[in-house]
């Protein structure tokens, strides 16, 4: 009798010799190895779809698998093929063991090992062998101990997570992902049969290397399943015609830059649920790759899509490709600090509306001007004379926006950037007028957050990629809802790039100094999208403009997201929508600060109510007083005219209450004063 045939006989005799009491003590004192094992960190999208997974420390794919997430037919096949009395035995199958001993004695060698699924789990836990009797004895002892400590479902789960499937694949989910590109929840009979066969000889049956061996092994499982009544003949014949996969599918690696950041943040847990949409993310990554390739060598691209109603990021593309190449694909350009070009102009105009300095129909001069030694120029070097504020923004003129910034003060612009959640980086000390033209460092995420606040009726929105988290108390007023709507109305009237449909998308483009950055940011009634294109190393891209390079990608990104845009909301009640002729006199023409201080009297000052006052009106109107300034006066409440062409310095105005109200008075020279009060 061969040595191998003696192993099972010796084992049987040894167990018999132990006796019942000895066996109990032998099993009870078994040292069980740790049952927990490192599994891959997973990034899931908002719907639970796998965005990305990471290999474990030893370079293996080992995705956590739960029994409830596995096709029941696979489990039925596995038990029928490997251990048909699995649900009844206590770790060792006496019938299978006796059969194995009999076959070994008859043939002089081991024909079938009599190994149960529990014994296979024992071997996997200790990474042991089955050829020597000492190893087999240890597996029997550990299998008996496992059956006493774990349920059958838990033992099956251990097998599903640890079974080898060839190469660096461990566990059923890693195998179904690699060979079929899907989760194990739904498997065909052919797929299930192949997965049953692979762990028996995972290297010699790998379908990506030994397709013939894999096909033969699958056929044996299918025939056994037919004999066992698990499948019928028709199912077996159909399954045998199904093609065995010839290569492994790549594991998903969507949103590589963002997911790397989540993993590096060392958040607890192996599974991270993100707000991203895997389908949209995949489409935008393909768009980014194509757009950068068509734009030219060394150019990269970044995109962000967010829901401005909730702040949830739906897609984040950090580069044209996550690889070390001439485009520096490993650099996440959604977070890179760059010059925003003209993309901050809408905020300047919105603040001017809020401060009653201008209205979309206000006239402003686009002529040569100097502020000390600073003499701004338009991008094309031309001057257009008298233009409407609306047209100045649509044409992205530089001189008008610098005039408004000078009147507002650059510090106010920086304050409202911070309110929007923008972490702006100043290259020097105090902000200057050039901030309005891009003289400040921001990231694509910053700009998307700013425009999300404008789109969200002027209220700031914190962008987030974390799903099912409680948002922080962050909401602040960036612009009044009336000014935010006016900005959206102007931007939605911009002509689309050549070849794109006029969908009413509100958007703005920008080009930084030296053509280093091309931007396009846009929004509809629900979503905001930001696009950056340029070279990560900051070198110029001659001839690159936001309108020509980034805007077409912006429109295509919206088209990929949904068939139709969500309509922008209607104008808020009280929005001043009139032509130039019906504007209050001070709003008809913007005057620079120097021009405004030409009168013989001092600038107006609110004598009553003072800033911070709490006033009870009792429904009789609010008494107001102004001293200095040149009449006639225009009174505004929260930016809306409530009394015009008043020559009296004391008046009574109607102001809705209770709550906070911003009062403004403008004299005939365009000079103004404000106070913030609380109405009882």
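The residue that is surrounded by the most Cβ atoms within 10 Å (Cβ to Cβ), counting only those in the range 332-356 that are modelled with pLDDT of 95 or more and part of a loop (DSSP other than H, G, I, E, B), is 340.
Looking at (1) over 23 Å from residue 492 (Cβ atoms); (2) touching a helix residue (DSSP H, G or I) at 6+ places or on another chain (Cβ under 8 Å); (3) surrounded by 14 or more Cβ atoms within 10 Å (Cβ to Cβ), which is the only condition residue 367 fails? With (1) over 23 Å from residue 492 (Cβ atoms); (2) touching a helix residue (DSSP H, G or I) at 6+ places or on another chain (Cβ under 8 Å); (3) surrounded by 14 or more Cβ atoms within 10 Å (Cβ to Cβ) applied to residue 367, the lone miss is (3).
The residues listed here are 246, 253; of these, the one that is outside the structural domain of residue 170 (by TED's automatic domain parsing), surrounded by fewer than 17 Cβ atoms within 10 Å (Cβ to Cβ) and more than 30 Å from residue 315 (Cα to Cα) is 246. Checked against the criterion of being surrounded by 20 or more Cβ atoms within 10 Å (Cβ to Cβ), at pLDDT 95 or above and part of a loop (DSSP other than H, G, I, E, B), the range 388-405 contains one or more residues that satisfy it.
In this structure, residue 301 does satisfy being outside the structural domain of residue 49 (by TED's automatic domain parsing), touching a helix residue (DSSP H, G or I) at 6+ places or on another chain (Cβ under 7 Å) and in contact (Cβ under 8 Å) with a residue 12 or more places away in the chain. Selection of the range 647-660 for residues being surrounded by fewer than 19 Cβ atoms within 10 Å (Cβ to Cβ) and at negative phi yields 647, 648, 649, 650, 651, 652, 653, 654, 656, 657, 658, 660.
Residues are listed down the side, and each one gets a yes or a no for (1) modelled with pLDDT under 90; (2) closer than 21 Å to residue 302 by Cα; (3) within 31 Å of the chain's Cα centre (by Cα):
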{"residue": "524", "(1), (2), (3)": "no, yes, yes"}
{"residue": "528", "(1), (2), (3)": "no, yes, yes"}
{"residue": "540", "(1), (2), (3)": "no, yes, yes"}
{"residue": "546", "(1), (2), (3)": "no, yes, yes"}
{"residue": "553", "(1), (2), (3)": "no, yes, yes"}
{"residue": "567", "(1), (2), (3)": "no, no, yes"}
{"residue": "576", "(1), (2), (3)": "no, no, no"}
{"residue": "583", "(1), (2), (3)": "no, no, no"}
{"residue": "596", "(1), (2), (3)": "yes, no, no"}
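Looking only at residues in the range 256-289 that are at pLDDT 95 or above and part of a loop (DSSP other than H, G, I, E, B), which one is surrounded by the most Cβ atoms within 10 Å (Cβ to Cβ)? Within the range 256-289, the match that is surrounded by the most Cβ atoms within 10 Å (Cβ to Cβ) is 276.
Checked against the criteria, residue 58 does not count as at pLDDT below 95, surrounded by fewer than 16 Cβ atoms within 10 Å (Cβ to Cβ) and part of a helix (DSSP H, G or I). Annotation: of all residues in the range 632-654 being assigned to a loop (DSSP other than H, G, I, E, B), in contact with a strand residue (DSSP E or B) (Cβ under 7 Å, 6 or more places away or on another chain) and modelled with pLDDT of 85 or more, the one that is nearest to residue 585 (Cα to Cα) is 632.
In the range 458-478 there is no residue that is outside the structural domain of residue 660 (by TED's automatic domain parsing), surrounded by 24 or more Cβ atoms within 10 Å (Cβ to Cβ) and outside any loop (DSSP other than H, G, I, E, B).
Looking only at residues of the range 661-680 that are part of a loop (DSSP other than H, G, I, E, B) and buried (at least 22 other Cβ atoms within 10 Å of the Cβ), we find that the one that is modelled with the highest pLDDT is 667.
Per the conditions (1) within 28 Å of residue 670 (Cα to Cα); (2) part of a loop (DSSP other than H, G, I, E, B), the sole criterion not satisfied by residue 428 is (1). Just one of the listed residues (496, 427) is surrounded by fewer than 19 Cβ atoms within 10 Å (Cβ to Cβ) and under 29 Å from the mean Cα position of the chain (by Cα), and it is 496.
The values are calculated or read from the model by the stated rules, or taken from the named source; none is laboratory data. Since the model is a prediction, treat every value here as computed from it, not as a measurement. For neighbour counting, all protein chains shown are included, and Cβ atoms are generated from backbone atoms with ideal geometry for every residue, glycine included.
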